[in-house]
1. Taking Cα atoms of segment 7-66, Rg/Rh with Kirkwood Rh, to two decimals?
2. Determine which lysines satisfy two conditions relative to residue 108: a Cα distance under 21 Å, and not lying fewer than 8 residues away in the same chain.
3. Show me 218-229, 159-170, 126-137 ranked by packing, highest mean number of other Cβ atoms within 10 Å first.
4. Residues with beta-carbon under 15 Å from that of residue 140, excluding residue 140: net charge, scoring Lys, Arg +1 and Asp, Glu -1?
5. Net charge within 12 Å of residue 228 by Cβ-Cβ distance, Lys/Arg positive one each and Asp/Glu negative one each, not counting residue 228 itself?
6. Hey, what number do you get for the chain at 222 nm if only DSSP H runs of n ≥ 4 count, each worth -39500 (n - 2.57), divided across all residues, to the nearest 500?
7. Using the basic label-point model (7 angstrom from Cα toward the beta carbon), what is the residue 162 to residue 226 distance in nanometres?
8. Testing the spin-label approximation: label points 7 Å from Cα along Cα→Cβ at residue 196 and residue 39. State their distance in nm.
Amino acid sequence: MLSLKAKNVVVIGGSRGLGRRIVETAIHHGGRVLAVARQEEPLRQLAKEVSGAEVLPLDATDESAPSKVFDVLQPDILVLCAGAFPHAAPLHEQSWPEFAINWETDVKIAFHFCKAGLTRPLPVGASVILISSGAALAGSPLSGGYAGAKRTQMFIANYSQKESDRLGLGLRFAALAPQIMPDTELGQYAVAGYSRYLGISEADFMEGMESPPSSDVAAAVIELAANPEQSRGKAFVVSGKGLEAVSL
């Protein structure tokens, strides 16, 4: 079993959905885990239900957020899982704020935390894993700027790796792009939106898709963290074959 013993793990967006499962999996593998999220109530619930979980409420889009987080726990493994639900509507039915919501959340969080990781910097050997989306590879016509934002997270991971290498910082950056996960709140939202858009039942939509369970994605995060040299600067999807690198 992969071990995170003596490792500090910080999960941004760790109070619910995939983020919470990453928290649970990291604790199971022996890590000291800090879950960060904006809303306090889900964090309190997490701390109550998951033994060993430490929590910190804050808005991760704020420029000062990385310093506040790193002052509480300096991560050996930093997972950026936070983001907004995209507005579910075709392009011509969206306003610019609706279209751009994931640029103002997901991308901003990735920018601030990767920049802070490079400039603070994080300890030599630390890993930063950005949770992107399969939409970054296949597109997502019903979610505005979501696919482009998630693709940009992949580029940020790659650019950050190049800067770590250039500056000799010894950090490892990678991106993971899960497919729609129907057993998460975001996945249910996506399934409902696309089934309505296509005029089919949710069951029929799900039957036509191939998606790994989110527990597999959480395990993939731990695998990436445990094998940083193999993942540095790359983006990955999860399939029946396990982790597969994709071209940027």
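No value in this document is a laboratory result; all are computed from the given coordinates. As the structure is a computational prediction, the values presented were derived from the model and not from experiment. Heads up, the Cβs are rebuilt from the backbone with ideal geometry, glycines too, and the neighbour counts pull from every protein chain shown.
1. Here Rg/Rh amounts to 0.95.
2. Leaving aside lysines fewer than 8 places away in the same chain, those within reach of residue 108 are 68, 150, 162, 234.
3. Numbers: 218-229: 20.0, 159-170: 16.1, 126-137: 25.0.
The densest-packed peptide leads the list: 126-137, 218-229, 159-170.
4. Values: positive: 150, 151, 196; negative: 93, 98, 106.
With Lys, Arg at +1 and Asp, Glu at -1, the neighbours total 0.
5. +1
6. Working: 11 runs with 109 residues, N = 248.
Computed mean residue ellipticity for the chain: -13000 deg cm²/dmol.
7. 3.2
8. 1.9
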